[in-house]
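Undergrad: Have a look at the structure that comes next, please.
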Amino acid sequence: MTAEEIFKTILSSFFGTVVVSVLIGLLTAILCSYLFKKCRFLVESEVTQVAFTYIFGIMSYVIAEFFDMSGVITVLISGVTLAHYNYYNLTIGGMHATTYIFSLFRVTFQTISFLAEAIVFVYLGVSTVYYFLTERISFSFLFL
């Protein structure tokens, strides 16, 4: 296999994963927004509105991981789409409940986010160094 074929395989795998992950995120968020619009029994309580919104966000991640796609991209796209479309299908109480939860725990979420990000970057650094130390790697693809 030549370096050009390897590069094409890597690019096609990357873009395929990104496109499918975006589609999964969009489809789950649009399904959630559609259900909130058409099934009005879901908006009877603020608790059910918040719960179903979070469940659909988590469901998009689970579906992406089931198909070996990027769960992070899927949750990002799902969250942006839900914030744009689903917010207006909620009642006033549901709107305040979904935004109040994030403002109430903003410092806690920022701390957890910071720690999770630090753990991910430490893991990536350690695994990269370990990979380069234990595997025999050819850098010939860099010099096409």
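Undergrad: Return the total of residues in the stretch 58-101 being out of contact with any helix residue (DSSP H, G or I) (no Cβ under 7 Å at 6 or more places or on another chain), within 15 Å of L23 (Cβ to Cβ) and not hydrophobic (A, V, I, L, M, F, W, C).
TA: The number of residues fulfilling the criteria is 1.
Undergrad: Examine the stretch 53-73 for a residue that is out of contact with any strand residue (DSSP E or B) (no Cβ under 7 Å at 6 or more places or on another chain), modelled with pLDDT of 80 or more, assigned to a helix (DSSP H, G or I) and farther than 26 Å from I24 by Cβ, and state whether such a residue exists.
TA: We begin by selecting, within the stretch 53-73, every residue out of contact with any strand residue (DSSP E or B) (no Cβ under 7 Å at 6 or more places or on another chain); these are 53-73.
Now restrict to residues that are modelled with pLDDT of 80 or more: 53-73.
So of that shortlist, the ones also assigned to a helix (DSSP H, G or I) come out as 53-66, 71-73.
Narrowing further to those that are farther than 26 Å from I24 by Cβ: none.
Scanning the stretch 53-73, I find no residue that is out of contact with any strand residue (DSSP E or B) (no Cβ under 7 Å at 6 or more places or on another chain), modelled with pLDDT of 80 or more, assigned to a helix (DSSP H, G or I) and farther than 26 Å from I24 by Cβ, so the answer is no.
Undergrad: Please determine, by comparing only the residues of the stretch 113-144 that are assigned to a helix (DSSP H, G or I), among the β-branched types (V, I, T) and closer than 25 Å to A3 by Cα, which one is modelled with the lowest pLDDT.
TA: As a first pass, look at the stretch 113-144 and keep what is assigned to a helix (DSSP H, G or I): 113-134, 140-142.
Those left that are additionally among the β-branched types (V, I, T): 119-120, 122, 126, 128-129, 134.
With the extra rule that they be closer than 25 Å to A3 by Cα, the set shrinks to 128-129, 134.
Values: T128: 79, V129: 78, T134: 74.
Looking at residues that are assigned to a helix (DSSP H, G or I), among the β-branched types (V, I, T) and closer than 25 Å to A3 by Cα, I get T134.
Undergrad: Could I ask something else about it? I'm told L42 meets every condition in (1) surrounded by 10 or more Cβ atoms within 10 Å (Cβ to Cβ); (2) at pLDDT below 80; (3) out of contact with any Phe, Trp or Tyr (no Cβ under 6 Å at 6 or more places or on another chain) except one. Can you identify the failing condition by its number?
TA: Condition not satisfied by L42: (3).
Undergrad: As an exercise: evaluate V47 against (1) at pLDDT below 90; (2) surrounded by 11 or more Cβ atoms within 10 Å (Cβ to Cβ); (3) not in a helix (DSSP H, G or I) and give the number of the one condition it does not meet.
TA: In the conditions (1) at pLDDT below 90; (2) surrounded by 11 or more Cβ atoms within 10 Å (Cβ to Cβ); (3) not in a helix (DSSP H, G or I), V47 misses (3) alone.
Undergrad: Further question: What are the residue pairs meeting all of these: first residue in the stretch 1-14, first residue acidic (D, E), second residue surrounded by fewer than 10 Cβ atoms within 10 Å (Cβ to Cβ), Cβ atoms under 8 Å, and 6 or more apart or on different chains?
TA: Correct list of pairs: E4/L144.
Undergrad: Residues in the stretch 74-96 that are modelled with pLDDT under 90 and under 19 Å from K38 (Cβ atoms): how many?
TA: 11
The values are calculated or read from the model by the stated rules, or taken from the named source; none is laboratory data. In this text, all values refer to a predicted model and were calculated from it rather than measured experimentally. In this analysis, Cβ positions are derived from the backbone assuming ideal geometry, glycine residues included, and neighbour counts consider all displayed protein chains.
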